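Remarks on the structure that follows.
Bear in mind that the values in this text are calculations on the coordinates, not laboratory data. Just so it is clear, the structure is predicted and the values come from calculations on it, not from any experiment. Here the Cβ positions follow ideal geometry from the backbone for every residue, glycine too, while neighbour counts run over all protein chains shown.
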Amino acid sequence: MNLLAAVKGRVYDKEPGGLLLKVGDFILRILCDSSTIEKTFPGDEIELHTHLEFNQNEFILYGFSTKEKLYVFEKILKVSKIGPKTALRIVGSLEPEEFVHLVTSQNVDKLSQIQGVGKKTAERLVAELKDESFDIQAKYSAELFDAIEALVALGFSRAESIDVARAVYSGKMSTEQIVKEALKRLSKKG
């Protein structure tokens, strides 16, 4: 059971790898996944779902914009030889549904493409989590995953690519169809 389930406050500042969050008279340093940091700005009122980690020298607070991200982070921490920094990198690279899809479909190749996650770590993730019961429905397909990667390669942020690709995705679409529809939406924004 997590001692500190969530914190609510105003973003005081951004730091590499985290946020400073003003909660009452305190300013908390919270390490966050990259998409949470990317979507947050100083002055924003936010709530972060948290995981408090104790080690020999310090307390570290990890924060996530959704309960699903926290849930996946904590599942990843159960895998042998994977620590919080690697788990945070994975959660920042993949949406929860995307992660579940890759693990349950045993897609070691895509998992090993995450920065800092090699083939051995990807194989360990799949081996230890493939039979795990996830409370997240994997509404991802290989086509959706590839479309997100294509949009990122075209220069769009990962967060924006995920949001727009998921918004246009209606199942049974090819990667090209998803990218085409996503680009139409993105061009209307600009």
With a cut-off of 8 Å between alpha carbons and a minimum separation of six or more residues, what is the relative contact order of the range 67-129 in percent? 33 percent
Count charges around residue 38 for me, please; just the other residues with Cβ under 10 Å from its Cβ, Lys/Arg as +1, Asp/Glu as -1. +1
I need the Kirkwood Rh of the range 67-129: take the reciprocal of the average 1/r across all distinct C-alpha pairs and report it in angstrom. 11.2 Å
Ranking 104, 118, 57 by how far each Cα lies towards the positive end of the charge dipole of the chain (+1 on Lys and Arg Cβ, -1 on Asp and Glu Cβ), the top one is 118
Inter-site label distance for residue 39 and residue 177 at 7 Å from Cα along Cβ, in nm: 2.6 nm
Starting from the Kirkwood radius over alpha-carbon pairs of the range 127-188, derive D by Stokes-Einstein at 4 °C in a medium of 1.567 mPa s and give it in µm² s⁻¹. 105 µm²/s
In the calculated pair distance distribution of the chain, what percentage of Cα-Cα distances lie above 26 Å? 36 percent
Once you charge only the Cβ atoms, +1 for Lys and Arg and -1 for Asp and Glu, what is the size of the charge dipole of the range 142-189 about its Cα centre, to the nearest 20 debye? 260 debye
Table column - 3J(HN,Hα) (Hz), the range 102-114, Karplus curve with 6.51, -1.76, 1.60, x for Gly and Pro: 5, 6, 5, 8, 6, 8, 4, 4, 5, 5, 6, 7, 5
Under a point-charge model restricted to the Cβ atoms of Lys and Arg (+1) and Asp and Glu (-1), what is the dipole moment magnitude of the range 67-190 relative to its Cα centre, in debye to the nearest 20? 320 debye
Okay, helix-only estimate at 222 nm for the chain: each DSSP H run of n ≥ 4 adds -39500 (n - 2.57), divide by all residues, round to 500 deg cm²/dmol; what do you get? -13500 deg cm²/dmol
Relative contact order of the chain (C-alpha contacts under 8 Å, at least 6 apart) in percent is 14 percent
